[in-house]
Amino acid sequence: KMFAWEVQSETATITMFGSIHLGRADFYPLPQGLEMAFEQAPAVAVEVDVLNPASMASVSLLMMEKGMLKDGKTLDDILPPKLKAKVLAALGDKEGMWMVLNKFTPGLLAMTLSIQEFQAMGFSEALGLEKHFLDAARGHKEILELETMEQQMALFFDLEEKLEFVFLESTIDQLDEMASILEQLIAAWKAGDGPALDALMTGQVGDDPDIQAFYTMLLDDRNVGMADTIDRWLHE
């Protein structure tokens, strides 16, 4: 049993596979049925082709344009004191990085803290599932994208200030339990247990209306656009 679904129409067959962006060695080898579905497919679709040089270039540009505070402002100027104290506590022995991180927007800082935690747990983008399939597809299959890099960056960089603070605080509050939650998510993913993974994701949202609004934008709203695109592919 895999975390994958097959959707068919009169003209197309689409395998939808729940991916994890950062991976580790024990993800592989992937189930044979999944690799067979990939081999038979003329195209592979990802959120964004992160290995495309044009996408990589746009990431650097967007980081500078939207990920850094403007007009000489720093996080020292805008963070509520209690939230700043939480950030510094989360940095721990890396507090010396504050001179650099101080220029980040709250959204970019939250992303940076999450990625550092994942890396400390042994996860790597080099072992991510997108890279696995994109490397195999490059030059052999059509590569399709469900979103643009600009759309993805806007999720974290175009937030209202209040939501930016909520996102940052929520990220910090989950750092200590991130390893446990991620192991549970991976176990459900490996077992193909959709209801268990859904319950874990829902549990992360909680009852705070501001956090619920953020996750609605991050997950639910995007699902609608992706579903519409997949529906269009089914008619091609």
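In percent, how large is the relative contact order of region 1-153, given Cα pairs closer than 8 Å and 6 or more residues apart?
Values: 130 pairs, mean separation 65.1, N = 153.
Rounded, it is 43 percent for region 1-153.
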- Query: Using a 1.4 Å probe, what is the accessible area per residue for region 50-104, in Å²?
  - Reply: 64 Å²
- Note on the structure: By the mean-Cβ-within-10 Å protection proxy, highest first, 112-118, 60-66 rank as 112-118, 60-66
- Query: Distance in nm between label sites at ILE181 and THR229, each 7 Å beyond Cα in the beta-carbon direction?
  - Reply: 2.5 nm
- Are any of the pairs LYS70/LYS94; LYS86/LYS162; LYS1/LYS141; LYS66/LYS131; LYS94/LYS162 more than 18 Å apart by Cα-Cα distance, and if so, which? LYS70/LYS94; LYS1/LYS141; LYS66/LYS131; LYS94/LYS162
- Task: Specify the angular offset, from 0 to 90 degrees and rounded to the nearest 10, of the alpha carbon long axis of helix 161-175 from the longest principal axis of the alpha carbons in the chain.
- Result: 80 degrees
- Query: In the set (1) 38, 18, 18; (2) 33, 20, 18; (3) 39, 25, 18, which value of semi-axes √(5λ) of the Cα gyration tensor in Å was calculated from the structure you see?
  - Reply: (2)
- Message: For region 177-236 and region 120-160, what is the centre-to-centre distance using only Cα atoms, to the nearest Å?
- Response: 16 Å
- Task: For GLN212 paired with PHE27, estimate the spin-label separation in nm (one decimal), with each label point 7 Å from Cα along the Cα-to-Cβ line.
- Result: 3.2 nm
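Charges at C-beta only: +1 for Lys and Arg, -1 for Asp and Glu. How large is the resulting dipole of the chain about its Cα centre, in Debye rounded to 20?
Numbers: 17 positive and 40 negative charges, 123 e Å.
Using only the charged Cβ atoms, the result is roughly 600 debye.
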- Query: Of all the accessible heavy-atom surface of region 1-151, with the other protein chains kept in place and a 1.4 Å probe, what percent is carbon and sulfur?
  - Reply: 58 percent
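The values are calculated or read from the model by the stated rules, or taken from the named source; none is laboratory data. In this text, all values refer to a predicted model and were calculated from it rather than measured experimentally. In this analysis, Cβ positions are derived from the backbone assuming ideal geometry, glycine residues included, and neighbour counts consider all displayed protein chains. Calculation scope for accessible area: heavy atoms of the full protein, side chains included, ligands and nucleic acids excluded. Shrake-Rupley method; radii C 1.70, N 1.55, O 1.52, S 1.80 Å.
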